[in-house]
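Notes to accompany the following structure.
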Amino acid sequence: DAMVIQNPRYQVTQFGKPVTLSCSQTLNHNVMYWYQQKSSQAPKLLFHYYDKDFNNEADTPDNFQSRRPNTSFCFLDIRSPGLGDAAMYLCATSRLAGGSTDTQYFGPGTRLTVL
Amino acid sequence: GNSVTQMEGPVTLSEEAFLTINCTYTATGYPSLFWYVQYPGEGLQLLLKATKADDKGSNKGFEATYRKETTSFHLEKGSVQVSDSAVYFCALRGGNTPLVFGKGTRLSVIA
């Protein structure tokens, strides 16, 4: 029944040690998004893929990268995590990149802890 | 650009009280409006949406009406339960852009 799946739900890494978060979807949606959400804040969009086209937000640090090997999967790579990167990371999908009536569906999130 | 302003929390209510969380927006064109709910430790779940003026979205006893004249999309529920305790995000999507979120309102319902 799950539509947007994120693994793992909780991830602990060490300062500076690369980490990869995973997202998969069963909706066959064209667009996949990654958001960062810090405590008591709104989600902040990092980047999104429309099919294989990568769209980076202007203020997303270079430390954050993403890969989308196929329609179903998208990965978030943090090359050198800092203490400030500890957050909840949310994956979302939508059928279209635009079109105001299109709905974004979110996964349960991965909570990243940086030691 | 597009933006969403929602009332600051936290909001604390007794069980069975009436809930209103205010949300206003600024947008060009004709955005769609959404309410998402985030339970503790979880991701965002779509609660309801409205895609055009005067539409009413509803789900699980929650309602919100898209008011273009007041650029508002206030969330209401007639009788809240302890299980409604969560953070509620108002959001809009217009044109060729991803969602724009408000800052969220934390609701605590006490028995």
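The values are calculated or read from the model by the stated rules, or taken from the named source; none is laboratory data. Since this is a predicted model, take the numbers as computed values, not measurements. Counting neighbours? That spans all protein chains shown, and the Cβs are built from the backbone with ideal geometry, glycine included. In case anyone asks, the SASA skips ligands and DNA or RNA and just uses the protein heavy atoms, side chains included. Shrake-Rupley method; radii C 1.70, N 1.55, O 1.52, S 1.80 Å.
Observations on the structure shown:
- Output for region A:24-49, where each listed residue is open to solvent by 80 Å² or more (accessible area, probe 1.4 Å) and among the hydroxyl-bearing types (Ser, Thr, Tyr): A:Thr26, A:Ser39, A:Ser40
- Some residue of region B:96-104 being under 15 Å from B:Phe34 (Cβ atoms), within 14 Å of another protein chain (Cβ to nearest Cβ) and out of contact with any strand residue (DSSP E or B) (no Cβ under 9 Å at 6 or more places or on another chain): yes
- Residue satisfying condition, being without any contact (Cβ under 8 Å) to a residue 24 or more places away in the chain, buried (at least 16 other Cβ atoms within 10 Å of the Cβ) and within 13 Å of chain B (Cβ to nearest Cβ), within set A:Thr110, A:Thr93, A:Thr103: A:Thr103
- When the criteria are applied in full, B:Lys52 meets the requirement of being open to solvent by 20 Å² or more (accessible area, probe 1.4 Å), free of Cβ contacts under 8 Å to residues at least 24 places away in the same chain, under 16 Å from the mean Cα position of the chain (by Cα) and closer than 25 Å to A:Leu45 by Cα.
- Whether a residue is more than 23 Å from B:Phe89 (Cα to Cα) and assigned to a loop (DSSP other than H, G, I, E, B) was assessed, and A:Pro108 does not pass this test.
- Residues that are touching a residue at least 24 places away in the same chain (Cβ under 8 Å) and within 13 Å of B:Ser85 (Cα to Cα) were ranked within region B:37-49; the one that is least open to solvent (accessible area, probe 1.4 Å) is B:Val37.
- Scope region B:37-79; condition assigned to a strand (DSSP E or B) and away from chain A (no Cβ under 14 Å); matching residues: B:Lys56, B:Ser58, B:Phe62, B:Glu63, B:Ala64, B:Thr65, B:Arg67, B:Ser72, B:Leu75, B:Glu76, B:Lys77
- Failed criterion for A:Tyr50 (all others in (1) within 13 Å of chain B (Cβ to nearest Cβ); (2) under 29 Å from B:Thr105 (Cα atoms) hold): (2)
- Pairs are defined by a Cβ separation below 6 Å, a sequence spacing of at least 6 or placement on different chains, a first member in region B:25-36 that is away from chain A (no Cβ under 11 Å), and a second member that is of a type in the set (S, T, N, Q); the pairs so defined are B:Tyr25/B:Thr71; B:Thr26/B:Ser3.
- Qualifying residue in region A:37-51 (condition: basic (Lys, Arg), farther than 22 Å from A:Pro108 by Cβ, more than 13 Å from the chain's Cα centre (by Cα) and assigned to a loop (DSSP other than H, G, I, E, B)): no
- Enumeration of residues in region B:1-36 that are buried (at least 21 other Cβ atoms within 10 Å of the Cβ) and either among the polar types (S, T, N, Q) or part of a strand (DSSP E or B) (or both): B:Val4, B:Gln6, B:Ile21, B:Cys23, B:Tyr25, B:Ser32, B:Leu33, B:Phe34, B:Trp35, B:Tyr36
- Restricting attention to region B:81-100, the residues that are part of a strand (DSSP E or B) and open to solvent by 30 Å² or more (accessible area, probe 1.4 Å) total 1.
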